[in-house]
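Student: Here it is, the structure in full.
The values are calculated or read from the model by the stated rules, or taken from the named source; none is laboratory data. The shown structure was predicted, so the numbers you read here are calculated from the model rather than taken from an experiment. Positions of Cβ are backbone-derived with ideal geometry, glycine not excepted, and every protein chain shown enters the neighbour counts. Heavy atoms of the whole protein, side chains included, go into the accessibility calculation; ligands, DNA and RNA do not. Shrake-Rupley method; radii C 1.70, N 1.55, O 1.52, S 1.80 Å.
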Amino acid sequence: MNAAERFAPIAFGIIALLLWQGAVSVLHVPPYILPGPIGIMHALWADRLSLLVALAATLSITLAALIAAVLLGMILALAMASSRLARAAIQPWAVVLQVTPVVAIAPLIIIWVNQEFAALVACATIVAFFPVLSNTAAGLAATPPALLDLFRLNGASRWQILLLLRLPSALPFFLAGVRVAGTLALVGAVVAEFVASSGGFASGLAGRILESGYRLEIPRMFAALTLLAVAGIAIYAVLGVCERLILRRLEGTS
Amino acid sequence: MLRLTGAGRHFDNGTIALADIDLRIEAGEFVALLGPSGCGKSTLLRLLAGLDIPDSGALAWDARAAPSPGEIGFVFQDATLLPWASAARNVFLPLRLAGHGFASSLPEINSLLDRLGLGGFEGAKPAFLSGGMKMRVAIARAMIRRPRLLLMDEPFAALDEFTRHRLQADLRALWREQGGTVVFVTHSIYEAAYLASRIVVMTPRPGRIATEITSTISSEADDRRIDPAYFALVSEVTDALHAVMPA
């Protein structure tokens, strides 16, 4: 990637923001229809405390869901890799959970799980665990057959094969799954918050967005959206950096 | 040391890979299995390793020669190193699986790597090694436990000519130094003629043994590649191979 390509997205973003602000100013679009970037920044600053508290609430759900999703995905993938029976039993249900929209399951979970935080984390976990599961399972299954032969020729136990060969081979797959799961956990957290907000809970960013909508505070709504977008990008970037650091440390590449 | 009698192997899709193989390997031999692609050479090697079981016939080891885990070394077409482990750690793998410690094995590992021209690269991860160097690490890994039987499946096929000649020379020298028995699969007549003490020529699918040719090149020859006996062997093997190929 050369310098021009590196700065292209930033330049494009700045031009788009300038055009946006220019159009809103010149055409006198009322802020309750479409605020300009400057108006949004004002709203973000004016309401920074409540928005940051909401962001923290959403991020804590996201983080808890990501941890739960990683653990759940890993455990299920290991179970699936260790026995064909377990694989046959688990796989279809994992797909069922994956294809059912979380918006549809969330009301049930919120009724069943009495504690708000736990209920939201459960919803976000359902959204986020699948890439960890499928990637880790694919990674465990993709162990080079020649290396498996080599381990067997040397009398390796199942445990040694898992610990010294299959798990490390699956690591790059697993890390890629975690990166996707991070952003999905945020999506899941926000979706679950929306469902919960309609029932009266409203501590996260989704609550601020709904509330702004009711009050026609559109700049504040955009401000909350901006925070969500930045949080999503930050999660993706941080997990991507962790992934690269870990792989570079282990394999000395990329 | 071991023998296959009447061994056959077919796959689920109906392909007959091997039919009626009678092959005896004596201790201390360097046997080349030579044949066109798809003649079942690799399958035969897997049968010898015990990684695969013949559908018919049997594999029998001589009494007292039956291998325990780690006594068969295997070198694959690709180096198949662990990408997260250094050269030394890769060579250590068979020892580790046998319960040895790294520190106490290190002198032995380093001297073998050194012997294979990898002195100074003990700590390098595979990503920083060339194709030939990776194959050298794979050979060291297969030899570190001084296997009774070393099986090699076209290990040099993916290397350039210069690297291949160097590795062939080093492998032969190492075999002469350390003893042991080697079965080496190749589709190169020249490689077989240079390396082997006996060449087993196989037919195309289904793989059968067409003929066996014992090398007459003196083991004391200064340069095997220009020895008159080498050229005679190459032309004899070429004739044998042409005889089994469909016109």
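Student: Starting from the alpha-carbon convex hull of the range B:37-99, give the projected area averaged over all orientations, in nm². If you can, show how the numbers build up before the last one.
Tutor: On the way: hull surface 25.1 nm².
The orientation-averaged projected area of the Cα hull of the range B:37-99 comes to 6.3 nm².
Student: Tell me the mean residue ellipticity at 222 nm calculated for the protein assembly as shown from its helices only (DSSP H runs of n ≥ 4, each -39500 (n - 2.57), averaged over every residue, nearest 500).
Tutor: Result for the protein assembly as shown: -20000 deg cm²/dmol, rounded to the nearest 500.
Student: What is the extension gain from B:Thr15 to B:Val234, computed as 0.36 nm multiplied by their sequence separation minus the C-alpha to C-alpha distance, in nm to one decimal?
Tutor: Numbers: separation 219, 0.36 × 219 = 78.84 nm, distance 3.08 nm.
My answer for the length gained is 75.8 nm.
Student: A follow-up question, please. Which residue, chosen from B:Gly207, B:Phe128, B:Leu118, occupies the Cα position most advanced towards the positive end of the dipole of the range B:106-247, where the dipole is computed from +1 (Lys, Arg) and -1 (Asp, Glu) charges on Cβ about the Cα centre?
Tutor: B:Phe128
Student: Another question, if that's okay. With N residues in the range A:184-254, what two-decimal value do you get for its Cα radius of gyration over 2.2 N^0.38 Å?
Tutor: Output field value: 1.52.
Student: Translational diffusion coefficient of the range B:1-47 at 25 °C, 0.890 mPa s, Stokes-Einstein with Kirkwood Rh over Cα pairs, in µm²/s as a whole number.
Tutor: Numbers: Rh = 11.6 Å.
D, rounded to a whole number, is 211 µm²/s.
Student: Here's another thing I want to ask about it. Take B:Ser37 and B:Ala173, extend 7 Å from each Cα along the Cα→Cβ direction, and tell me the distance between the two endpoints in nm.
Tutor: Placing both labels 7 Å beyond Cα along the Cβ direction yields 3.3 nm.
Student: Considering only protein heavy atoms and a 1.4 Å probe, what is the carbon-and-sulfur percentage of the accessible area of the range B:124-202?
Tutor: The nonpolar share, carbon plus sulfur, comes to 51 percent.
Student: What helices does chain B have that are whole DSSP H segments, at least 24 Å long along their own axis by Cα, and with mean Kyte-Doolittle hydropathy of -0.5 or more? Could the numbers behind the result be given before it?
Tutor: On the way: long enough: B:161-178 (25 Å, -1.25); B:228-244 (25 Å, 0.92).
Qualifying helices, which must be both long enough and hydrophobic enough, are B:228-244.
Student: OK, next. Before I look further, what does chain B give for accessible area per residue, probe 1.4 Å, in whole square angstrom? Could the numbers behind the result be given before it?
Tutor: Numbers: 10690 Å² over 247 residues.
I get 43 Å² per residue for chain B.
Student: Name the residues of the range A:143-167 whose accessible area, probed at 1.4 Å, falls by at least 30 Å² once all protein chains are in place instead of their chain on its own?
Tutor: The answer is A:Ala146, A:Leu147, A:Asp149, A:Leu150, A:Phe151, A:Leu153, A:Asn154, A:Gln160, A:Leu164 - residues whose exposure falls by at least 30 Å² when every protein chain is included.
Student: Mind checking which of B:Ser235, B:Ser68, B:Ser86 has the largest fluctuation in a GNM of chain B, springs on alpha carbons under 10 Å?
Tutor: B:Ser68
Student: Above 38 Å lies some portion of the pair distances; for the protein assembly as shown, what is it as a whole percent of all C-alpha pairs?
Tutor: Beyond 38 Å sits 48 percent of the P(r) for the protein assembly as shown.
Student: Something else: Assuming R0 = 35 Å, can you tell me the calculated FRET efficiency for the pair A:Ala56 and A:Ala16, based on Cβ-Cβ distance, to the nearest 0.05? Walk me through the numbers before you get to the answer.
Tutor: Working: r = 29 Å, r/R0 = 0.83.
For A:Ala56 and A:Ala16, the calculated efficiency is 0.75.
Student: Over the range B:179-247, calculate the relative contact order: mean separation of alpha carbon pairs under 8 Å at least 6 apart, over the residue count, as a percent.
Tutor: 31 percent
Student: To the nearest 20 debye, what is the magnitude of the charge dipole of the range A:143-254 about its Cα centre, counting +1 on the Cβ of each Lys and Arg and -1 on the Cβ of each Asp and Glu?
Tutor: 260 debye
Student: Beyond 28 Å, how much of the Cα-Cα pair distribution for chain B remains, as a whole percent?
Tutor: Of the Cα pairs, 33 percent sit more than 28 Å apart.
Student: What does the charge add up to near B:Ala87, with Lys and Arg as +1, Asp and Glu as -1, over the other residues with Cβ less than 10 Å from its Cβ?
Tutor: +4
Student: Quick one: buried accessible area between B and A, total over both chains, 1.4 angstrom probe, nearest 100 Å²?
Tutor: Heavy-atom accessible area buried at this interface is about 1900 Å².
Student: Right, next: Based on Cβ point charges of +1 for Lys and Arg and -1 for Asp and Glu, what charge dipole magnitude is obtained for the range B:203-247 about its Cα centre, in debye rounded to the nearest 20?
Tutor: Rounded to the nearest 20 debye, it is 360 debye.
Student: Gaussian network model of chain A, Cα springs within a sub-10 Å range: biggest mean-square fluctuation belongs to which of A:Arg152, A:Arg220, A:Arg244?
Tutor: Most flexible of the set in this elastic network: A:Arg152.
Student: In a GNM of chain A with a 10 Å cut-off on Cα contacts, which of A:Val26, A:Val180, A:Val53 has the highest mean-square fluctuation?
Tutor: Among A:Val26, A:Val180, A:Val53, the largest GNM mean-square fluctuation belongs to A:Val26.
Student: In a solvent-free Debye calculation with one equal scatterer on each Cα, what is log10 I(q)/I(0) for the range A:1-155 at q = 0.11 Å⁻¹, listed in the order of the q values?
Tutor: -0.78
Student: OK, next. Can you pull out the GluC sites (Glu not before Pro) in the range B:205-247 whose DSSP state is coil and whose Cβ has at most 14 other Cβ atoms within 10 Å?
Tutor: When the GluC sites (Glu not before Pro) of the range B:205-247 are filtered for loop state and at most 14 Cβ neighbours within 10 Å, B:Glu220 remain.
Student: Taking R0 as 60 Å, what FRET efficiency do you get between B:Ile226 and A:Ser83 from their Cβ-Cβ distance, rounded to the nearest 0.05?
Tutor: The formula returns an efficiency of 0.55 here.
Student: For chain A, what's the relative contact order in percent, using C-alpha pairs closer than 8 Å and at least 6 residues apart? Please list the in-between numbers first.
Tutor: Values: 292 pairs, mean separation 66.0, N = 254.
Value for chain A: 26 percent.
Student: Can you compute log10 of I(q)/I(0) for the range B:27-165 with the Debye formula, treating each Cα as one identical point scatterer, at q = 0.21 Å⁻¹?
Tutor: Relative scattering, expressed as log10 I(q)/I(0), comes to -1.35.
Student: What FRET efficiency do you get for A:Tyr32 and A:Arg244 if R0 is 51 Å and r is their Cβ-Cβ distance, rounded to the nearest 0.05?
Tutor: Efficiency at R0 = 51 Å is approximately 0.70.
Student: Find the relative contact order for the range B:1-45 and round it to a whole percent, using C-alpha pairs within less than 8 Å whose residues are 6+ positions apart.
Tutor: 35 percent
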